Amino acid sequence: MLTIEAVDLHYGDAQALSDVSLTVEEGEIVAIIGANGAGKSSLISTIAGIYRPTRGRITFEGEDITGWPSHLVCDLGIGQVAEGRQIFPSMTVRENLEMGAVIPRARKLAASTMERVFTIFPRLAERVRQDAGTLSGGEQQMLAIGRCLMGQPRLIMLDEPSLGLAPTIVQEVFRIVHQLNTDGLTVVLVEQNVVGSLKLADRAYVLENGQIAMAGSGRALLDDDRLRQAYLGL
Amino acid sequence: MRSLFEGVPARAAWGLVCVIVLLYLAPLVFGGYVLSVLILCCYLAVLGQAWNVMMGFAGQLSLGHALYIGLGAYASGALFFHFGLGPWIGLIPAFIVAGAMGALIGWLGFRFGIRGVYFALLTIAFAEFVRILFDHWGWIGGSSGMFLLVQNRNIDMDAASIANAFWTLRGPNWVFYYVILTGMVACLVTVRLLMRTRVGYYWLAIREDQEAAQAMGINVLRYKLLAVVISAMMTAFGGVFYAFYNNTLYPESIFSIDRSIELLLGVIIGGIGTLFGPILGAFALTWLGEGLSITQEWFDIAGLKLLTYGVAMLAIILFRPAGLWPWLRRLLGMEERRPDA
């Protein structure tokens, strides 16, 4: 569904990604793990069209989308939940969700999608009129995911959805990611929570210093000694 | 009409209508000095409203809005000076020139990812470029200025003369007052309606979190450009008015940064990102300024005005950082109901 071939990304002189290649098949959960500064967020921002790669090719369902502006990438069906729950704090929950249905294709379906979002996240339904800034961290993360769903994505990229959340909430978020995937959504999950995301993922890539250091099925990586040593201290 | 007042509490709507009616009746009671201060209030409210579209709603800081005042003023002023074309015709090239300049600056800034203060510096730089250019451009008078002929300070009170005064913007002060007051109301209505459309919501999204807006599929470049162009055009209207009301145009004064700052002070005091903040701020600041000027002369204390200005700014920033209007609105129970749910 999504193919990345030999992508380089530079911020000025600094290289953020080097020769990154990966594939995501339809219906999969693919995790991208790595330490701070490994290039995880840069990678998904590049896919989303926020940064332009200096080299390489990105294709989505056979279409070359390298260097496309973000609003066109969105329109193709790639949704992105940015790091740090970037909700609009002074808008209500409902307004936030409505804002998610920006692209014309999604706008027509907004009412029914919102119903679906409320069945996935009943907590949001209780808080429709509340300003999003007053929600708890977990609720904001759910709102961010719900807002992304409003855009009718077929592939959703989540950038550290567990960041700064209490362990029980992290569980809840991962459960929802799993449910969304079962409902047919392809998921790219960027995480520092290595164990949780590897358990959830069909396949995973490990990024180190902007390069793919390891790749394999979630289970296989969990049992890999090198990975256990580097990330789990075992 | 419905969209205009939707969600506004009845008392706020009636309050607004009353204020506007009173403002329209003001020339029957006041003349001379008071009227000229009211003109200044409305003029600054128009400019503030324009700046607020960019900063308050779309979140893009401009510190060079004098540029669009000057372009509007010179575009219409030069047409009048050289070809005798009136202000309402001059408004069209004023819109075009200011809009194009806004688009150029916006494109340069946004396309290359210049944001925040750096973008603001770019706006100052362009205002300075154009000032220097106009200082050396003979056709519009260069640094020695351009002067529009003052005519019809007193007119007959028959329909034809009044219509003529409005059409040519050559007439007594009350003609200017009605023009700028109507302009102020028109700007208010325009911005209100804009903010009810999808564009308005996109602006708010960009203001609150540009990355998130981008991730949702908003064409950020397009909507930021649109904000600058609309803001520039509204400011240019103020510029056209300035040219015909003041009749003297110097690049030195019209493009000066003081003018850019003057128009945004009112918005900060009134409340950035609110519809009535710019109006409230312009009226409050202008009357405060005038009052202080008089006091200063009366007691012969030089610098009293500037000192009080500074203290007022400090007090607002410390105690009412959101501006006077959000606080006053709550006090009067005029808060808008959130739509739906």
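Taking chymotrypsin sites (Phe, Trp or Tyr not before Pro) across the stretch B:104-138, the ones in a DSSP loop with at most 11 further Cβ atoms lying within 10 angstrom of their Cβ are B:Phe112. Relative contact order for chain A: 27 percent, from Cα pairs under 8 Å spaced at least 6 residues apart, divided by residue count. For the stretch B:123-220, the set of trypsin sites (Lys or Arg not before Pro) satisfying both a DSSP loop assignment and a count of at most 16 other C-beta atoms within 10 Å is given as B:Arg153. Over the C-alpha trace of the stretch B:203-327, radius of gyration and Dmax come out as 18.1, 60 angstrom.
Which percent of the Cα-Cα distances in the stretch B:126-202 go past 19 Å? Intermediate results must be reported in sequence, preceding the final value.
Working: 1858 of 2926 pairs.
Result: 63 percent of Cα pairs exceed 19 Å.
Using alpha carbons only, what's the Rg to Rh ratio of the protein assembly as shown with Rh from Kirkwood? Numbers along the way, then the final one.
On the way: Rg = 28.3 Å, Rh = 26.6 Å.
Reported Rg/Rh, Kirkwood definition of Rh: 1.06.
Within the shell of other residues whose beta carbon sits under 15 angstrom from the beta carbon of B:Cys42, the net charge comes to -2, with Lys and Arg scored +1 and Asp and Glu -1. Since only A:Gln141, A:Leu109, A:Val128 are under comparison, the one whose Cα sits farthest along the positive direction of the charge dipole of the stretch A:79-153, derived from C-beta charges on Lys, Arg, Asp and Glu, is A:Leu109.
Pair-distance distribution of chain A: all C-alpha pairs, bin width 5 Å, starting at 0; shares per bin in whole percent are 1, 7, 15, 18, 20, 17, 12, 7, 3, 0, 0. Neighbour counts of C-beta atoms inside 10 Å place B:Asp156, A:Asp8, B:Asp209 in the sequence B:Asp156, A:Asp8, B:Asp209, starting with the fewest. From largest to smallest, the equivalent ellipsoid semi-axes obtained for the stretch A:79-153 from the alpha-carbon gyration tensor read 18, 13, 11 Å.
In plain terms, chain A is cut at each of the trypsin sites (Lys or Arg not before Pro) found in a DSSP loop with at most 12 other Cβ atoms within 10 Å, and the longest leftover piece is A:1-107. Considering only A:Gln211, A:Gln152, A:Gln15, the Gaussian network model of chain A with Cα springs below 10 Å gives its largest mean-square fluctuation to A:Gln15.
All other residues with a Cβ under 13 Å from the Cβ of B:Gly217 taken together, and with Lys, Arg as +1 and Asp, Glu as -1, what is their net charge? Working shown, then result.
Details: positive: A:Arg105, A:Arg107, A:Arg147, B:Arg198, B:Arg222; negative: A:Asp75, B:Glu211.
Here the charged neighbours net out to +3.
Each listed q (0.09, 0.16, 0.23 Å⁻¹) maps to a log10 I(q)/I(0) for the stretch B:51-172 from the Debye sum over equal C-alpha point scatterers, namely -0.35, -0.85, -1.25.
Cβ crowding within 10 Å, taken as a proxy for footprinting-reagent exposure, orders A:Ile47, A:Ile156 from fewest neighbours to most as A:Ile156, A:Ile47.
Could you work out the relative contact order of the stretch A:79-153? I mean the mean sequence separation of Cα pairs under 8 Å and 6+ apart, divided by the number of residues, in percent. Numbers along the way, then the final one.
Details: 94 pairs, mean separation 41.1, N = 75.
Reported relative contact order: 55 percent.
Taking Cα centre as origin and charging only the Cβ of basic (Lys, Arg, +1) and acidic (Asp, Glu, -1) residues, the dipole magnitude of the stretch A:116-234 rounds to 320 debye. Ignoring lysines fewer than eight residues from A:Lys40 along the same chain, the ones with Cα atoms less than 30 angstrom from its Cα are A:Lys199, B:Lys224. Per residue, the convex hull spanned by the alpha carbons of the stretch A:32-162 comes to 114 Å³.
Restriction of the GluC sites (Glu not before Pro) in the stretch B:276-335 to DSSP coil positions whose beta-carbon has at most 14 other beta-carbons within 10 angstrom yields B:Glu335.
Springs join every pair of Cα atoms under 10 Å in this Gaussian network model of chain A, and among A:Gly100, A:Gly137, A:Gly164 the largest mean-square fluctuation is at A:Gly164.
Using Cα pairs closer than 8 Å and at least 6 residues apart in sequence, work out the relative contact order for the stretch B:212-312, in percent.
Working: 45 pairs, mean separation 11.1, N = 101.
Relative contact order here is 11 percent.
When you work out D = kT/(6 pi eta Rh) for chain B at 4 °C and 1.567 mPa s, using the Kirkwood radius from C-alpha pairs as Rh and the Stokes-Einstein form, the result is 62 µm²/s.
Using the crude model of +1 on Lys and Arg Cβ and -1 on Asp and Glu Cβ, and no other charge, please compute the dipole size for chain B relative to its Cα centre, in debye to 20. Walk me through the intermediate numbers first.
Working: 20 positive and 17 negative charges, 174 e Å.
Dipole magnitude for chain B comes out near 840 debye.
Rounded to whole numbers, the Karplus 3J(HN,Hα) couplings from phi for the stretch B:61-68 are 7, 10, 10, x, 5, 4, 3, 6 Hz, using 6.51 cos²θ - 1.76 cosθ + 1.60 with θ = phi - 60°, and x at Gly and Pro. Measuring between their Cα centroids, the stretch B:67-141 and the stretch A:24-50 lie 44 Å from each other. Dipole size of the protein assembly as shown about its Cα centre, with +1 on Lys/Arg Cβ and -1 on Asp/Glu Cβ: approximately 1140 debye, rounded to the nearest 20.
Only the coordinates and a few stated rules stand behind these numbers; no lab work does. Everything quoted here is computed from the prediction, not taken from an experiment. Note that each Cβ is placed from the backbone with ideal geometry, even for glycine, and that neighbours are counted across all protein chains shown.
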